[in-house]
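The values are calculated or read from the model by the stated rules, or taken from the named source; none is laboratory data. As the structure is a computational prediction, the values presented were derived from the model and not from experiment. Methodologically, a virtual Cβ is constructed for each residue, glycine included, from the backbone with ideal geometry; neighbour enumeration extends over all protein chains shown.
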Amino acid sequence: MRVLIVEDDPMMQLGLEQVLSEWTDIDLIGVVDDGYLGVETALNQQPDLILMDIGLPRMDGIEATQKIKQALPKTRIVMLTSHTAETEVIAALSSGADAYCIKGASVERLYGAIKAASEGATYLDPQVAKYLVKHLQPSTPQNDCKNSNLSPREFDVLKLMVEGKTNVQIAEELYLSPNTIKTHVRGIMNKLSVDDRVQAAVTALRSGLVN
């Protein structure tokens, strides 16, 4: 996986470079320190995945993400930022970001966000997911969700989805195959009447299915 870092904090740059160098499935192709250069480098290098900060010089990470996604829709973008305001989170996801991870998160959580994004899933840091839920109006009646007829195994899978785990990680934790987990995820989304994993997680938190 070819990865580009767009981050203006030198210490954060060094930390990310060191962490990424330890993962054999990641090839770091560059580090740039402003949004304008992030867009320019992405268009030239066409990375598989970008780690993007929000607060960047010249062009913020939200605008940079939007421009990159318009030109390179298959490039996955993980927002790695200290920003947790609802408006910024929504703006980042609306611009096309595939994952939202908070700086200071564990290395394992960052890797989980990268893996989820690379596999086509959407990842939300639990801190951000729970923050957003408090400010969202319910779109699914609680009774409908409570009576969703999820099986005990589907509840197990849903809890791990809320934690932001990928299908592979859920499979390892529950000692099941990734294909079996994929089937459970589809069943959960059908029963909760949602279109993707993030909606399933938000619905579960909002309705009290998962705390």
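Here V133 fulfils each of the conditions (1) assigned to a helix (DSSP H, G or I); (2) loosely packed, with under 15 Cβ neighbours inside 10 Å; (3) at pLDDT below 90 apart from (2). Residues in region 58-80 that are within 19 Å of L16 (Cα to Cα) and either of a type outside the set (V, I, T) or surrounded by fewer than 20 Cβ atoms within 10 Å (Cβ to Cβ) (or both): G61, R76, M79, L80. Within region 1-39, the set of residues being surrounded by fewer than 16 Cβ atoms within 10 Å (Cβ to Cβ), among the acidic types (D, E) and within 20 Å of R58 (Cβ to Cβ) comprises D9 only. Using the structure shown, decide if T180 is farther than 18 Å from I114 by Cα and at pLDDT 90 or above. For T180, the condition - farther than 18 Å from I114 by Cα and at pLDDT 90 or above - is met. Of the residues making up region 39-60, those that are among the hydrophobic types (A, V, I, L, M, F, W, C), touching a residue at least 40 places away in the same chain (Cβ under 8 Å) and within 22 Å of S118 (Cβ to Cβ) are L49, I50, L51, M52.
Here I5 clears all of (1) assigned to a helix (DSSP H, G or I); (2) over 23 Å from I90 (Cβ atoms); (3) under 17 Å from the mean Cα position of the chain (by Cα); (4) not small (G, A, S) except the condition numbered (1). Of the residues contained in region 97-110, none is found to be under 16 Å from Y123 (Cα atoms), modelled with pLDDT of 95 or more and in contact with a helix residue (DSSP H, G or I) (Cβ under 8 Å, 6 or more places away or on another chain). Of the residues making up region 4-38, those that are closer than 16 Å to K115 by Cβ and either outside the structural domain of P57 (by TED's automatic domain parsing) or of a type in the set (S, T, N, Q) (or both) number 1.
If you check L20, L93 for being under 21 Å from Q127 (Cα atoms) and either over 19 Å from the mean Cα position of the chain (by Cα) or of a type in the set (A, V, I, L, M, F, W, C) (or both), only one passes: L93.
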